[in-house]
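Reviewing the structure listed below.
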Amino acid sequence: MKFFDKLRHSYYRKQLKNPDYDFLYQSHPDELVSFDCETTSLNVAEAQIISIGAVKIRGNRILTSEAFEILIKPEGMMEATNVTIHGLRPKDLSSGVTIEAALEEFLHFVGGRPLVGYFLEYDVAMVNKFLKPMLGIILPQEQIEVSRLFHAQETKHKYYDAEVDLTMANMVKTLGIPDLPRHDALNDAINVAMMYLALKHRRV
């Protein structure tokens, strides 16, 4: 962990409102968690999380048997354009849990494991939006962005024209991994886990 990250880690640990969540700072060697959120909007300030999908990676294995998936009943209105993307209608979420209950289960699933994601910054910002008032902290786990790893590999031997197609479709195709139906939080989390392992073992 970098020096600045250690300072930030230490600062937020002191801000933790509930010591029962100190497990978020415990390390899990050789394990990571790939996760994804589906939301009502792409604007963090106004969006609600409506589903979270996550799967653990242990060594070189994706533990789909220990996958995590939860639906959340949003408080606000859902944008029609987003419904067409993720396919979750208001009636599909009518039996969903509260965001606080969902985050509690999600945090226990993740623990202190590093988080892996695709454009992870957005998903982390969405979780932090609700986590900060709930526990006084933001997600403390190390974060690994697969598109950044992919970009670094694709430009490793390029000294000019370093433009890289970072769409998930192109990354999946280039890495030669199965392409699960997208815009489903759990499927996207599994896709990202496969991309991470492919990137980890890729020779470039």
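The values are calculated or read from the model by the stated rules, or taken from the named source; none is laboratory data. Treat the numbers as computed from the prediction; the structure is a model and nothing was measured. Don't worry about glycine lacking a Cβ; one is built from the backbone with ideal geometry, like all the others, and counts go over all protein chains shown. Heads up: the accessible areas ignore ligands, DNA and RNA and are worked out on the full protein's heavy atoms, side chains in. Shrake-Rupley method; radii C 1.70, N 1.55, O 1.52, S 1.80 Å.
Subtract the Cα-Cα distance of E66 and L180 from 0.36 nm times their separation in residues, and report this length gain in nm to one decimal.
39.3 nm
Show that you can apply the helix-only estimate: for the chain, add -39,500 (n - 2.57) for every DSSP H stretch of four or more residues, divide by all residues, and state [θ] at 222 nm to the nearest 500.
Theoretical 222 nm ellipticity from helices: -12500 deg cm²/dmol.
Percent relative contact order of the chain, based on C-alpha pairs within less than 8 angstrom and at least six residues apart?
Rounded, it is 27 percent for the chain.
What ranking of V44, V33 comes out by heavy-atom accessible area, probe 1.4 Å, highest first?
So, going from the largest accessible area down, we get V44, V33.
Grab the beta carbon distance between K173 and R13, set R0 = 30 Å, and tell me the FRET efficiency rounded to 0.05.
0.15
What's the center-to-center distance, using Cα atoms, between the range 173-196 and the range 8-75 in Å?
Value for the Cα centre distance between the two parts: 18 Å.
Pull out the extension gain between A162 and Q143, defined as 0.36 nm times the separation in residues minus the alpha carbon to alpha carbon distance; nm, one decimal.
Difference between extended and current length: 4.4 nm.
When DSSP beta bridges are limited to those with both residues in the chain, what percentage is antiparallel, rounded to the nearest 5?
75 percent
Can you give the FRET efficiency to the nearest 0.05 for Q26 and T98, using r as the Cβ-Cβ distance and R₀ = 35 Å?
0.85
Using the beta-carbon distance between D5 and R58 and R0 = 22 Å, what value does 1/(1 + (r/R0)^6) give for FRET efficiency, to the nearest 0.05?
0.40
DSSP loop (so not H, G, I, E, B), at most 10 other Cβ within 10 Å: list which trypsin sites (Lys or Arg not before Pro) in the range 122-204 pass both filters.
When the trypsin sites (Lys or Arg not before Pro) of the range 122-204 are filtered for loop state and at most 10 Cβ neighbours within 10 Å, K156, K158, R203 remain.
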